[in-house]
1. Which residue is surrounded by the most Cβ atoms within 10 Å (Cβ to Cβ), if the candidates are limited to the range 119-143 and must be touching a residue at least 24 places away in the same chain (Cβ under 8 Å) and touching a Leu at 6+ places or on another chain (Cβ under 7 Å)?
2. If I filter the range 32-40 for residues that are at pLDDT 95 or above and farther than 20 Å from A91 by Cβ, do I get at least one hit?
3. Do you know which residues across the range 176-233 are of a type in the set (D, E, K, R), out of contact with any Gly (no Cβ under 7 Å at 6 or more places or on another chain) and away from ligand 1 (no atom under 16 Å from the Cβ)?
4. When the range 200-218 is examined, which residues are found to be touching a strand residue (DSSP E or B) at 6+ places or on another chain (Cβ under 9 Å), of a type outside the set (A, V, I, L, M) and surrounded by fewer than 16 Cβ atoms within 10 Å (Cβ to Cβ)?
5. Give me the residue from the range 62-97 that is near ligand 1 (Cβ under 8 Å from one of its atoms) and of a type in the set (D, E, K, R) and, out of that set, modelled with the highest pLDDT.
6. Within the range 166-199, how many residues are part of a helix (DSSP H, G or I) and crowded, with 20+ Cβ neighbours inside 10 Å?
Amino acid sequence: MSTNDNTEPEFSEDSMFDAPHVVEIQKLWTVFKTAASEATVHRDLDLVIDRGEVVSLVGGSGTGKTVLLRQILGLETPARGTINVLGNPVAQLGAKGAASRVGMLFQHGALFSAFNVLENIAFPLRELRSLPPQLIRDAALVKLQMVGLGAEHAHKMPSDLSGGMVKRVALARALIMDPPLLLLDEPTAGLDPESSDGFCILLRSLHRELGLTVVMVTHDLDTLFELSTRVAVLADQKVIVSGPPKDVIAYPHPFIHDFFLGERGQRAMELLREYPFAV
Ligand SMILES: Nc1ncnc2c1ncn2[C@@H]1O[C@H](COP(=O)(O)OP(=O)(O)OP(=O)(O)O)[C@@H](O)[C@H]1O
Ligand SMILES: [Mg+2]
């Protein structure tokens, strides 16, 4: 449980397994100040995510979706409010603690261009400086296979990979420490329809097999309907509504109308029929 007074809960390894929520965000404020101005990106934002959910976070460009993922990962600190991940305030986890709990697939893949595939996947484990190289290598090879790529790709450089393969390698790196929570920032953006479908199928099977909780930012309605158990809409600096896709679509708000029912409305309705869980 999070508290609103000054007595922060103790950091606890055990709480990770019996935490009431995987992510609990309360009264979050994000403010970016420059010399000339001050921009409030999130204002009193609340969001709770439970074990096993696949929550799609949607919102207009610049509404603070990526910033929110970075805050859940502990890379950025909000101006105010609390973020608990698996029962611990994210600020107390530290970089290594966060890496074992939260994996993130960044918006643009973000592989290290000077490292080959295996070195990219192994990077977070190597950073721990406590494991023998052979073990790290074997763990990275297992993850390479887990994302559907053969060992023949292990020594390729990122510049020699297709867009879909870059995403898969980045996903393998995000999963190297077996985190229970996976954050995905536009996982299928820039992929052709076939690669996008393949990546969705991979994500769905990993979600099922690894028992992951997933928070995903996406503009892609196919990906959203294919994977989400819940949709959360970021607008007006907060999460204005969250729920099953059919409930969210019915919520009266200009962004929701444009996103789901504008030009793409027909397609959205077809998708609702296609994916029974969304209805
Ligand atoms: N480090 C920073 N300093 C100042 N402003 C920032 C910083 N990071 C993000 N912002 C601003 O915060 C807002 C939200 O950014 P963010 O990247 O989270 O948007 P987004 O919802 O992910 O958009 P998109 O859909 O285009 O990826 C933007 O206006 C951005 O310019
Ligand atoms: Mg973004």
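The values are calculated or read from the model by the stated rules, or taken from the named source; none is laboratory data. This structure is a prediction, so every number in the text was calculated from the model and none was measured. For neighbour counting, all protein chains shown are included, and Cβ atoms are generated from backbone atoms with ideal geometry for every residue, glycine included.
1. Per the criteria, the residue is I121.
2. yes
3. Scanning the range 176-233 gives D178, D192, E194, D197, R204, R208, E209, D222, E226.
4. The answer is R204, and nothing else.
5. The qualifying residue modelled with the highest pLDDT is K65.
6. As a first pass, look at the range 166-199 and keep what is part of a helix (DSSP H, G or I): 166-174, 193-199.
From what's left, crowded, with 20+ Cβ neighbours inside 10 Å: 166-174, 196, 199.
The number of residues fulfilling the criteria is 11.
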